[in-house]
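Peer 1: Here's a structure for you.
The values are calculated or read from the model by the stated rules, or taken from the named source; none is laboratory data. As the structure is a computational prediction, the values presented were derived from the model and not from experiment. Cβ placement follows ideal geometry from the backbone for every residue including glycine, while neighbour counts extend to all protein chains displayed.
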Amino acid sequence: MKNVGVLIELDEKGVLKGTNFGMITAAREAGADALYAIISNGDTEKYKDRLQPYGVSKLITLSAGDDFAHSPDLHAKALIDALNHFDLQCLVGLSSVKGRDLLARAAAFLDAPLVLDCLGFDLTEKTALKSHFSGKTVATIRFNGDHFFCGIRPNAIEPKPAAAPSDAHVEAFQSNAKDPGLLKIEKTLHSEKDVVELTEANIIISGGRAMASPENFKILHECAALINAAVGASRAAVDAGYVPHSMQVGQTGKTVSPKVYIACGISGAIQHFAGMKTAKKIVAINWDKDAPIYNKCDYGLPGDLFEVIPALTKVIKEIKSRESES
Amino acid sequence: MEDRGFSWKGRVKMRIYVCVKNVPDTAESIALTGTAAFDESVKFVLNPYDEYGLEAALQIVEKQGEGEVITVTVGKEAATKTIRTALAIGAHRGILVKTDVQFLDSGLTALALQKAIELDGSPDLIFTGKESVDSEGLQTPYRLAAALKMPVINDVAALNITDDGAVVEREIEGGAREVIRLSMPCVIGGTKGMNEPRQPTLPAILRAKKKEIKQIDIHELNLALEKAKTTLVKLDPVPERSKANLKMIEGDPQTMAEALVQLLQEEKLLNGVGGE
């Protein structure tokens with residue numbers, strides 16, 4: 001039996017992240033016989049209805065003697081205990097900042113194989129696919145060992161419900177692991193605004209150096225808010241001080257795989273493409289028809305972004321108001 | 001380990017190890033030459049993320065007025081050039097654990113780094129980059145820390161060394177940051193934001209030629225080299241996006257906007273617009 005644990009991620013508000021479903025799909029398609037969702041939160045029951053359609057047969061509420069919200073080391077040790085207790089061959093999670101941190105800790109403690117930022121994996125072959133060389137090549141990597149860990153790149157796998165929904169039951173599991181006590185998350189500094197996370201977003205609108213000022217990013221935010229898009233930036237815009245580094249897409253920033261990536265005033269350096277080339281559709285808005293971005297995108301709008309973006313916002317607003325009337 | 005009475009009060013000399021990797025420049029094209037091999041005649045550089053760790057180490061030693069920054073590399077002989085770059089940037093000396101291959105799995109790399117560090121001396125602090133831009137494994141800092149029984153945090157975007165250990169910040173999601181305290185010695189995986197890495201000056205490049213690089217053959221470290229956690233089975237090229245698919249939408253801004261929205265709606269790619 002290939003029992004696979006899927007590490008469910010919740011956002012700050014305790015809502016299931018949308019990218020979980022692609023990750024669970026990857027685990028199912030890898031050939032898992034049974035999928036056990038592991039939720040590190042007491043309120044597991046409320047997630048049941050949304051997880052069952054994806055073939056999850058058990059929901060495990062994970063806890064330890066001490067609170068592990070502030071100790072990633074204890075959290076990782078508790079995961080290892082769950083892995084042993086439920087006889088899981090593999091533990092799969094999201095390759096988000098916190099997801100890959102936990103998986104890497106657990107794999108290092110257990111001295112077990114791990115592949116992060118996976119684009120898919122196979123339990124029979126014991127292989128995973130992942131990017132190498134900033135996405136220029138794809139590596140096939142074999143896990144050498146009976147137990148292994150896998151982190152899936154958010155949005156890399158299209159979520160597909162299982163052929164037949166499962167009837168999952170909830171089970172609590174408490175680990176006896178002790179916190180090594182060498183590190184502690186003291187606090188979380190939240191962003192002032194409600195920000196759509198880049199790596200979770202289906203649509204991203206990014207601005208480059210041509211945005212010319214921090215204030216001008218407002219036009220991107222206005223458009224993004226209408227379609228629940230995240231706002232990103234190129235390295236040039238971050239280095240110019242227009243926006244914080246947390247918004248940077250590309251090398252030394254975030255790797256994203258949205259359905260649509262709209263690059264505004266971005267020339268299209270190879271380091272930028274390294275972070276967004278797996279987007280389904282890339283749209284470029286750049287007056288410079290010779291910009292390198294036009295060599296590798298799907299739709300090109302060779303106009304002034306300060307005219308095209310407001311026009312885009314207006315068109316979307318009109319459609320939305322027509323739809324709400326009908 | 002020897003007890004050198006570590007304290008961050010400007011009194012005791014810190015010994016800081018910085019793990020640096022020799023990687024192909026991201027701007028280079030990668031030509032595959034076998035199932036899992038590539039043309040290594042391209043330009044190699046110091047892994048960009050490792051620059052943040054090196055800069056952090058140098059700043060600590062400069063602030064303290066004394067201390068030593070030692071780079072540790074696992075790589076082929078050709079990595080010497082990158083180690084020289086790190087020495088020109090300011091590291092005092094370097095260690096190269098010489099391998100025959102560019103890709104050694106993260107587990108063995110971590111063990112080689114651990115042994116090289118322990119043979120050299122006792123670390124007060126270890127820096128790595130958050131990942132290498134060639135194999136993008138994202139886990140060597142964790143395996144190194146586990147081998148050394150030290151705490152670790154990766155993706156560190158701000159660092160402060162206090163009398164009670166290291167206080168770091170890492171960016172999580174939606175612009176949020178976590179503030180984390182680690183006891184020292186510890187392993188810190190650096191990323192952009194931690195500092196502004198400096199570039200080497202010409203006199204420093206010349207001086208770096210006289211700095212020591214200790215070479216250790218990986219076979220001398222008694223590692224079970226056949227016991228890799230993972231094996232790179234093959235590399236396949238990813239077809240580049242081509243201009244052939246490009247659809248240019250011309251006209252005035254309104255026309256462009258309408259055409260784009262229509263295309264995206266037809267493909268059901270617009271959230272909440274067009275009946276989705």
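Peer 1: Considering only residues that are crowded, with 21+ Cβ neighbours inside 10 Å, more than 7 Å from every other protein chain (Cβ to nearest Cβ) and part of a loop (DSSP other than H, G, I, E, B), which ones fall in segment A:124-159?
Peer 2: Answer for segment A:124-159, where residues must be crowded, with 21+ Cβ neighbours inside 10 Å, more than 7 Å from every other protein chain (Cβ to nearest Cβ) and part of a loop (DSSP other than H, G, I, E, B): A:153, A:154, A:155, A:156, A:157.
Peer 1: Just checking, does segment B:216-227 include any residue being in contact with a helix residue (DSSP H, G or I) (Cβ under 6 Å, 6 or more places away or on another chain), among the basic types (Lys, Arg), within 30 Å of residue B:106 (Cα to Cα) and part of a loop (DSSP other than H, G, I, E, B)?
Peer 2: No, segment B:216-227 has no match at all.
Peer 1: Does residue B:192 satisfy the criteria of being basic (Lys, Arg) and under 28 Å from residue B:99 (Cα atoms)? Let's see the steps before the verdict.
Peer 2: Details: basic (Lys, Arg): yes; under 28 Å from residue B:99 (Cα atoms): no.
Considered against the rule, which asks whether it is basic (Lys, Arg) and under 28 Å from residue B:99 (Cα atoms), residue B:192 comes out as no.
Peer 1: Which of the residues that make up segment B:132-166 are under 21 Å from residue B:196 (Cβ atoms), within 8 Å of chain A (Cβ to nearest Cβ) and of a type outside the set (Asp, Glu)?
Peer 2: B:133, B:153, B:154, B:157 - these are the residues of segment B:132-166 that are under 21 Å from residue B:196 (Cβ atoms), within 8 Å of chain A (Cβ to nearest Cβ) and of a type outside the set (Asp, Glu).
Peer 1: Listed residues B:104, B:32; which is in contact (Cβ under 8 Å) with a residue 60 or more places away in the chain, within 17 Å of the chain's Cα centre (by Cα) and buried (at least 16 other Cβ atoms within 10 Å of the Cβ)?
Peer 2: Working: B:32 fails: within 17 Å of the chain's Cα centre (by Cα).
Just a single option satisfies the conditions, and that option is B:104.
Every residue, every condition in (1) within 14 Å of chain B (Cβ to nearest Cβ); (2) surrounded by fewer than 22 Cβ atoms within 10 Å (Cβ to Cβ); (3) of a type in the set (Ser, Thr, Tyr); (4) in a helix (DSSP H, G or I), yes or no:
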residue: A:45; (1), (2), (3), (4): no, yes, no, yes
residue: A:52; (1), (2), (3), (4): no, yes, no, yes
residue: A:58; (1), (2), (3), (4): no, yes, no, no
residue: A:61; (1), (2), (3), (4): no, yes, yes, no
residue: A:87; (1), (2), (3), (4): no, yes, no, no
residue: A:98; (1), (2), (3), (4): yes, yes, no, yes
residue: A:101; (1), (2), (3), (4): yes, no, no, yes
residue: A:107; (1), (2), (3), (4): yes, no, no, yes
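Peer 1: Can you confirm whether residue B:12 is modelled with pLDDT under 95 and closer than 22 Å to residue B:164 by Cα? Talk me through it step by step, then tell me what you get.
Peer 2: Details: modelled with pLDDT under 95: yes; closer than 22 Å to residue B:164 by Cα: yes.
Yes: the conditions hold for residue B:12.
Peer 1: Here's something else I'd like to know. What are the residues in segment B:179-210 that are of a type in the set (D, E, K, R), in contact (Cβ under 8 Å) with a residue 40 or more places away in the chain and more than 15 Å from residue B:57 (Cβ to Cβ), if any?
Peer 2: Step one: filter segment B:179-210 for residues of a type in the set (D, E, K, R), giving B:181, B:192, B:196, B:198, B:207, B:209-210.
Adding the requirement that they be in contact (Cβ under 8 Å) with a residue 40 or more places away in the chain leaves B:192, B:196, B:198, B:207, B:209.
Result: B:192, B:207, B:209.
Peer 1: Hey, residue B:170 hits all of (1) of a type outside the set (S, T, N, Q); (2) assigned to a strand (DSSP E or B); (3) facing chain A (nearest Cβ under 10 Å); (4) touching a residue at least 24 places away in the same chain (Cβ under 8 Å) but one; which does it fall short on?
Peer 2: (4)
Peer 1: Another question, then. Give segment A:292-326 a look and list any residue that's touching a Gly at 6+ places or on another chain (Cβ under 6 Å) and of a type in the set (Phe, Trp, Tyr), or say none.
Peer 2: Across segment A:292-326, the qualifying residue is only A:294.
Peer 1: Consider only pairs whose beta carbons are under 9 Å apart and that are at least six residues apart or on different chains; among these, list those whose first residue lies in segment B:125-145 and is on the phi > 0 side of the Ramachandran plot and whose second residue is part of a helix (DSSP H, G or I).
Peer 2: B:138/A:100; B:138/A:104; B:138/B:106
Peer 1: Could you please find all residues in segment B:35-51 being among the acidic types (Asp, Glu) and part of a loop (DSSP other than H, G, I, E, B)? Explain how you work it out, then say what you get.
Peer 2: Taking segment B:35-51 first, the residues among the acidic types (Asp, Glu) are B:39-40, B:50-51.
Correct list: B:39, B:40.
Peer 1: Further question: Across segment B:179-201, which residue is nearest to the other protein chains (Cβ to nearest Cβ) among those that are in contact with a helix residue (DSSP H, G or I) (Cβ under 9 Å, 6 or more places away or on another chain) and not in a loop (DSSP other than H, G, I, E, B)?
Peer 2: Going residue by residue through segment B:179-201, those that are in contact with a helix residue (DSSP H, G or I) (Cβ under 9 Å, 6 or more places away or on another chain) are B:180, B:185-201.
Narrowing the set further to residues that are not in a loop (DSSP other than H, G, I, E, B) leaves B:180, B:187-190.
Details: B:180: 5, B:187: 10, B:188: 11, B:189: 10, B:190: 11 Å.
Result: B:180.
Peer 1: Would you point out the residue of segment A:225-255, among those that are part of a strand (DSSP E or B) and touching a Lys or Arg at 6+ places or on another chain (Cβ under 9 Å), that is nearest to the other protein chains (Cβ to nearest Cβ)?
Peer 2: Our first condition is that a residue be part of a strand (DSSP E or B); within segment A:225-255, this holds for A:230-233, A:248-249, A:254.
Filter once more, so that each one left must be touching a Lys or Arg at 6+ places or on another chain (Cβ under 9 Å): A:232, A:248-249.
Working: A:232: 12, A:248: 7, A:249: 12 Å.
Checking each candidate, the answer is A:248.
Peer 1: May I pose another question? Answer yes if at least one residue in segment A:256-271 is assigned to a loop (DSSP other than H, G, I, E, B), closer than 21 Å to residue A:158 by Cβ, at the interface with chain B (Cβ under 7 Å from one of its Cβ atoms) and in contact with a strand residue (DSSP E or B) (Cβ under 8 Å, 6 or more places away or on another chain), and no otherwise. Walk me through how you get there before you give the answer.
Peer 2: Quick first cut of segment A:256-271, residues assigned to a loop (DSSP other than H, G, I, E, B) only: A:256-259, A:265-269.
Keeping just the survivors that are closer than 21 Å to residue A:158 by Cβ gives A:256-259.
When the remaining residues are screened for being at the interface with chain B (Cβ under 7 Å from one of its Cβ atoms), the result is A:259.
Then keep just the ones that are in contact with a strand residue (DSSP E or B) (Cβ under 8 Å, 6 or more places away or on another chain); that gives A:259.
Checking segment A:256-271: at least one residue is assigned to a loop (DSSP other than H, G, I, E, B), closer than 21 Å to residue A:158 by Cβ, at the interface with chain B (Cβ under 7 Å from one of its Cβ atoms) and in contact with a strand residue (DSSP E or B) (Cβ under 8 Å, 6 or more places away or on another chain).
Peer 1: Are there any pairs, at least 6 apart or on different chains, whose C-beta atoms fall under 8 Å, with the first in segment A:262-289 and farther than 20 Å from residue A:134 by Cβ and the second modelled with pLDDT under 95 and surrounded by fewer than 21 Cβ atoms within 10 Å (Cβ to Cβ), and if so, which?
Peer 2: A:281/B:267; A:281/B:269
Peer 1: Do we find a residue being at the interface with another protein chain (Cβ under 7 Å from one of its Cβ atoms), in contact with an Asp or Glu (Cβ under 8 Å, 6 or more places away or on another chain), under 24 Å from residue B:178 (Cβ atoms) and not hydroxyl-bearing (Ser, Thr, Tyr) anywhere in segment A:162-183? Full working, then the answer.
Peer 2: Taking segment A:162-183 first, the residues at the interface with another protein chain (Cβ under 7 Å from one of its Cβ atoms) are A:182-183.
Cutting the leftovers down to in contact with an Asp or Glu (Cβ under 8 Å, 6 or more places away or on another chain) gives us A:182-183.
This time we only want the ones that are under 24 Å from residue B:178 (Cβ atoms), so: A:182-183.
Restricting the remaining residues to those that are not hydroxyl-bearing (Ser, Thr, Tyr) gives A:182-183.
Yes, segment A:162-183 contains a residue that is at the interface with another protein chain (Cβ under 7 Å from one of its Cβ atoms), in contact with an Asp or Glu (Cβ under 8 Å, 6 or more places away or on another chain), under 24 Å from residue B:178 (Cβ atoms) and not hydroxyl-bearing (Ser, Thr, Tyr).
Peer 1: Just to verify a result, which residue in segment A:5-24, among those that are at pLDDT 95 or above and touching a Gly at 6+ places or on another chain (Cβ under 9 Å), is nearest to residue A:203 (Cα to Cα)?
Peer 2: Looking at the filtered set, the residue picked out is A:23.
Peer 1: Looking at residue B:251, is it facing chain A (nearest Cβ under 7 Å) and either small (Gly, Ala, Ser) or loosely packed, with under 15 Cβ neighbours inside 10 Å (or both)?
Peer 2: Working: facing chain A (nearest Cβ under 7 Å): no; either small (Gly, Ala, Ser) or loosely packed, with under 15 Cβ neighbours inside 10 Å (or both): yes.
In short, no.
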